[in-house]
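Working notes for the structure below.
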Amino acid sequence: MVGDFPNKPLGGRDYPRTWDEFHDWFHDESACSSYVEQVRWPEGYVCPSCDEMDEPFRASRARLVCRHCRHQGSVTAGTIFEKTRTPLRSWFAAIWYITNQKHGVSALGMQRMLGLGSYQTAWTMMHRLRQAMVRPGRERLSGVVEVDETYVGGRTPAKGRRGRRRKKLAYQHDEYKSLVAIAVEIKEPKGFGRVRISRVEDSSEDSLLPFVCESIEPGSLVHTDGSWAYRSLSDSGYDRERKVVLGADDPPHVSLPGVHRVASLLKRWLLGTHQGSIKPHQIDAYLNEFTFRFNRRTSRSRGLLFYRLIQQAVMTEPLTYRQIADRRTTTYSGRWS
Ligand SMILES: [Zn+2]
């Protein structure tokens with residue numbers, strides 16, 4: 001299902017460049033549904049049942065019937081839009097909005113913007129979109145890559161609170177803290193490339209080594225701290241450089257500046273856009289969104305981001321509200337399973 005993307009999508013032809021153009025293109029459900037079809041099958045319809053490529057019969061604007069095996073499918077089956085009761089126009093507006101806001105948007109903000117009937121609808125949409133933000137089969141990081149772990153997602157309770165109540169809150173917020181591993185490409189002479197971020201169970205080798213292997217191309221030079229967890233990186237095909245700061249007074253950003261920078265941006269984003277406390281079993285979705293934004297931060301065209309997210313949305317199987325809400329604390333490799 002990992003289709004090759006057309007190399008150079010063009011603004012005005014493949015995606016709308018402005019809000020005005022967006023309105024012109026997506027004036028009704030039928031226009032949205034044609035667009036999904038076009039992005040999903042850029043070379044023409046391929047039957048999901050018999051794999052024949054042929055122009056289908058159209059039972060209705062969104063129901064396609066295969067000429068060969070008579071399989072009936074909808075344009076949105078097997079995408080994050082499958083069986084949604086929310087109009088595609090609202091989905092498209094949500095995607096436009098989410099990719100045009102520099103820091104993204106909360107579910108409440110989305111509900112208000114689209115005038116959705118319930119918070120739960122907005123929340124489920126946001127989670128499906130975050131799920132689509134991870135491109136299947138994406139390439140691993142390479143070159144010089146920093147790796148380290150940090151805690152995110154908790155929040156210190158307000159200063160005014162005292163005594164037992166404050167203690168209880170502090171405890172709850174501590175529970176919300178998740179340990180995440182961060183990998184950042186370091187560019188010469190300066191600057192950062194792409195990132196990968198994942199929740200990990202703990203700082204042990206068993207937790208961190210699988211993260212490194214899934215996130216970084218073998219042969220890369222990996223910068224880490226002195227931790228034992230990374231001692232066998234060379235056995236897995238990596239060059240390792242330990243960035244140990246001997247002077248105890250040196251702050252951590254001296255030794256691993258990339259990870260330090262990304263961690264502080266991530267924490268600020270979680271606090272700002274999402275008001276902090278996110279339960280550990282929900283945080284993976286937010287890490288997906290942060291990664292999507294960070295890795296495309298230099299993209300000059302917001303319309304192109306809209307197009308990329310739609311492309312990924314049509315390749316992503318949908319989750320239901322219950323599946324998202326019931327997601328439990330699985331460790332790194334179990335996410336989205
Ligand atoms: Zn068929």
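May I ask you to list pairs of residues, at least six apart or on different chains, whose Cβ atoms are under 7 Å apart, with the first in region 237-263 being within 17 Å of Val195 (Cβ to Cβ) and the second being at pLDDT below 65?
Here the result reads His260/Pro252; His260/His253, each pair linking region 237-263 to a residue that is at pLDDT below 65.
Given the criterion within 23 Å of Asp28 (Cβ to Cβ) and surrounded by 21 or more Cβ atoms within 10 Å (Cβ to Cβ), identify the matching residue among Thr121, Thr79. Write out each step before concluding.
Numbers: Thr121 fails: surrounded by 21 or more Cβ atoms within 10 Å (Cβ to Cβ).
Testing whether each residue is within 23 Å of Asp28 (Cβ to Cβ) and surrounded by 21 or more Cβ atoms within 10 Å (Cβ to Cβ) leaves just Thr79.
Cβ contacts < 9 Å: first residue at positive phi, restricted to region 18-47; second residue assigned to a loop (DSSP other than H, G, I, E, B), any location; separation 6+ or different chain. Result?
Gly44/Asp54; Gly44/Glu55
Counting only residues that are within 26 Å of Ala285 (Cα to Cα) and of a type in the set (Phe, Trp, Tyr), which one in region 181-229 is least open to solvent (accessible area, probe 1.4 Å)?
Here the residue is Phe211.
Look at region 49-71 and say how many of its residues are away from the ligand (no atom under 16 Å from the Cβ) and touching a His at 6+ places or on another chain (Cβ under 8 Å).
Kept after step one, since they are away from the ligand (no atom under 16 Å from the Cβ), are these residues of region 49-71: 60-62.
Cutting the leftovers down to touching a His at 6+ places or on another chain (Cβ under 8 Å) gives us none.
Matching residues across region 49-71 total 0.
Given the criterion touching a Ser or Thr at 6+ places or on another chain (Cβ under 7 Å) and within 16 Å of the ligand (Cβ to nearest atom), identify the matching residue among Val46, Val75. Lay out the reasoning, then the answer.
Values: Val46 fails: touching a Ser or Thr at 6+ places or on another chain (Cβ under 7 Å).
Matching residue, one of Val46, Val75: Val75.
Just a yes or no: is a residue in region 133-140 within 16 Å of the ligand (Cβ to nearest atom) and farther than 19 Å from Phe22 by Cβ? Give the steps one after another, and end with the answer.
Of all residues in region 133-140, those within 16 Å of the ligand (Cβ to nearest atom) come to none.
The answer is no, given that none of the residues of region 133-140 is within 16 Å of the ligand (Cβ to nearest atom) and farther than 19 Å from Phe22 by Cβ.
Which of (1) among the aliphatic types (A, V, I, L, M); (2) touching a strand residue (DSSP E or B) at 6+ places or on another chain (Cβ under 7 Å); (3) away from the ligand (no atom under 16 Å from the Cβ); (4) open to solvent by less than 30 Å² (accessible area, probe 1.4 Å) does Met110 not meet, given it meets every other one?
Result: Met110 fails condition (2) only.
The values are calculated or read from the model by the stated rules, or taken from the named source; none is laboratory data. It should be emphasised that the depicted structure is a prediction, and the values quoted were computed from it without experimental measurement. Every residue, glycine among them, receives a Cβ derived from its backbone with ideal geometry; neighbour counts consider all protein chains shown. Surface accessibility is based on the protein's heavy atoms, side chains included, excluding ligands, DNA and RNA. Shrake-Rupley method; radii C 1.70, N 1.55, O 1.52, S 1.80 Å.
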